[in-house]
Amino acid sequence: MFPALVDGITVGALYALLALGPSLVYGLLRVLDIANAAALVLGAYIGVTLFQHGLPWWLGALAGMAGSVILGLLLQRFLYRPLLDQGPLVVLVASIGVFIAMEEAFRLIWKPYPRQFPVTVPLPHGTIAGTPVTGVQVLMLILGVVVLLGSWWVLGHTRLGFTWRATAQDRETARAMGVNVNRVVAGIFAAGYALAALAGVLFAIRYNTVTPDMGDVPAYKMLAIIVLGGLGNPMGTILAAFVIGLAESIVNTYWGFILPRDTIAFLVLIAILLIRPAGLLPKGLTRA
Amino acid sequence: MSYLLVVATTVVIYAVLSVGLNIAVGYAGQPHLAQGAFLGIGAYMVAVFSTRYELSFWVSMLIAIAVTAASGLLLGVISLRLRDDFLAIVTIGVNFVVVAIFQYVPWFGGATGVYAIPLPSIGGQQFGNGEFLILGLVMLAIAVAVSGYLARSWLGLGLASLRDDELASASSGTPVAPFKITAFVVSAAIAGMAGALYAPFLSAVTPTSFGFTESIVMLAMVMFGGVGTIRGAILGAVVLGALPEIFRFVSDYRLLIFGGILVLVLRFQPQGIIGTDSAAAGWWSRFRRPGHSADDDGSGGGAGPYGAVGAAGGSLPGPVDAPGAGSAGE
């Protein structure tokens, strides 16, 4: 049981990092942003490139996050904002287009073969109840908890959180009350893309590989998680990330399911949506 | 010459798929990102039944159409319960589930797929490249005729009204549930028909050739040309389908260019290149009737939640279907 739990919780933490940004964006704009997963790949590639040039991995991670923030800011300014009036499906399809094009660009820039990212995170590690827990897994766990508590605190107790909730509830009224909506949107995009890049670096270290298509499965799983958590409900999203991570690990370990791990998330998603069409936690901080 | 025929047949198959997809996406306004999965179901049915059970191509094709139509029925029933983004995500998930079933269920041949699919024959004569193209064009004519008929029928009117405002449409008596389901079923059946031709045309099917990427390619074709119009779906299939073949260097960057074109079209010409309310349609109508703007063209569409609409309004004479019928006959 224990190995599956450790694996599920650490992977769930990565899903939470990745899915939090698009969930907050959905709360604000009612659009789904798949291109967020491109930041995961971009962050991992910038990180691994700098690491191969001799820089410490955490510096590479920071640079990857910075690069992804720039990507997020450019996308929201020049693509999503002008498209908002076209309706949610147009934005979703455009973001899929961006994601596909960026993946191809990564393939051309960094070549299709996988790169290794051999990093040992100097954190306490060892065996718990006979299960080896590596430093990077400890880091993933710590970051998962930090993001969970951090977003709860930021959304509930800071000015950014208040403006996010106000804007999510009613963009026009928030604007009339003096909230700089464009700046809130830009801030949320920047934060979401930075977290995705961080998730990418951790993913790369955890599995010791960086490939151009490493964002594929996380991208669509991210959608499943956002929906499961109740669209636009950040706390629900984080909860759903851990639920999906655990469900995959446990089902995989114990039943050796006929379908691969990545399909389980979608089957669970479709089943849950048909029973609860508004997600697991439809009402949270804001009404979706 | 035979290479040209192969390219032309590929393009025609994509056109059939886009015209079919346009019924669910354009007419009914439903987010549908699983047309690639339905293509796969159709192709796999023909592959399995014509190799393992040695049924003739034509019988296998009927089975393929029936099975995809049934799958479309299932998706249609799901669509009644879910809206917009939720439905979009479920249709994305359908791709992954269907591909996984192809990959892991032995009946479908597992990861290697099904190969050595026999060529169809008609009157004792086996299909060559020319026959594939002709059958493809016949299928395209059928798809255009069906969707043109749908657009002008009560069903098309009902779909147009529920696309623009489902609540208002339902309260004025549109039977929303059966209409929506019909749109998904017809859309899927056309994909199944195209898939039936695709399998012997490729002579082998593998699970990974029918996934989310293919679905996106088809949606890109519909959106490139103009959502809600037959001419747009065909133009999108012709341009995006032929591009990687005409410019060989393009095929290395195929997805980069597809993604890029999709983003640029949506960003700067969201109604598609020749869709209703697009710049090109405006010029065309001014050219034909000087003094009238495109908005007076009687399409009654306007931008619904999923971009430009029209064509399904039914009141529009000639121009909606004429280019489509023209290229079908070529």
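The values are calculated or read from the model by the stated rules, or taken from the named source; none is laboratory data. As the structure is a computational prediction, the values presented were derived from the model and not from experiment. FYI the Cβ positions are ideal-geometry reconstructions off the backbone, even for glycines, and counts take in every protein chain you see.
When residues of region A:245-277 are filtered for being under 21 Å from the mean Cα position of the chain (by Cα), modelled with pLDDT under 80 and of a type in the set (S, T, N, Q), how many remain?
1
Table: residues versus (1) under 19 Å from residue A:215 (Cβ atoms); (2) at pLDDT below 90; (3) aliphatic (A, V, I, L, M).
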site	(1), (2), (3)
A:36	yes, no, no
A:41	yes, no, yes
A:48	yes, no, yes
A:67	yes, no, no
A:80	yes, yes, no
A:89	no, yes, yes
A:94	yes, yes, yes
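Please identify the pairs in which a residue from region A:99-110 that is under 8 Å from residue A:212 (Cα atoms) and at the interface with chain B (Cβ under 8 Å from one of its Cβ atoms) has its Cβ atom under 9 Å from the Cβ atom of a residue that is of a type in the set (Phe, Trp, Tyr) and buried (at least 19 other Cβ atoms within 10 Å of the Cβ), counting only partners at least 6 apart or on another chain.
Every condition considered, the pairs that remain are A:104/B:258.
For residues in region A:196-223 being within 22 Å of residue A:149 (Cα to Cα) and small (Gly, Ala, Ser), which is nearest to the chain's Cα centre (by Cα)?
A:196
For region A:46-82, how many residues meet the condition of being surrounded by 19 or more Cβ atoms within 10 Å (Cβ to Cβ) and within 14 Å of another protein chain (Cβ to nearest Cβ)?
5
Looking at region B:260-270, which of its residues are over 18 Å from the mean Cα position of the chain (by Cα) and within 7 Å of chain A (Cβ to nearest Cβ)?
B:260, B:263, B:266, B:267, B:270
For every residue, the table says whether it meets (1) free of Cβ contacts under 8 Å to residues at least 12 places away in the same chain; (2) assigned to a helix (DSSP H, G or I); (3) touching a Pro at 6+ places or on another chain (Cβ under 8 Å); (4) surrounded by 17 or more Cβ atoms within 10 Å (Cβ to Cβ).
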position	(1), (2), (3), (4)
B:93	yes, yes, no, yes
B:111	no, yes, yes, no
B:136	no, yes, no, yes
B:139	no, yes, no, yes
B:144	no, yes, no, yes
B:150	no, yes, no, yes
B:161	no, yes, no, yes
B:178	yes, yes, no, no
B:181	no, yes, no, yes
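Being surrounded by 19 or more Cβ atoms within 10 Å (Cβ to Cβ) and within 8 Å of chain A (Cβ to nearest Cβ) is true for just one of B:89, B:65. Which residue is that?
When all the criteria are applied, what remains is B:89.
As an exercise: evaluate residue A:253 against (1) among the β-branched types (Val, Ile, Thr); (2) within 14 Å of another protein chain (Cβ to nearest Cβ); (3) more than 26 Å from residue A:104 (Cα to Cα) and give the number of the one condition it does not meet.
All conditions pass for residue A:253, except number (2).
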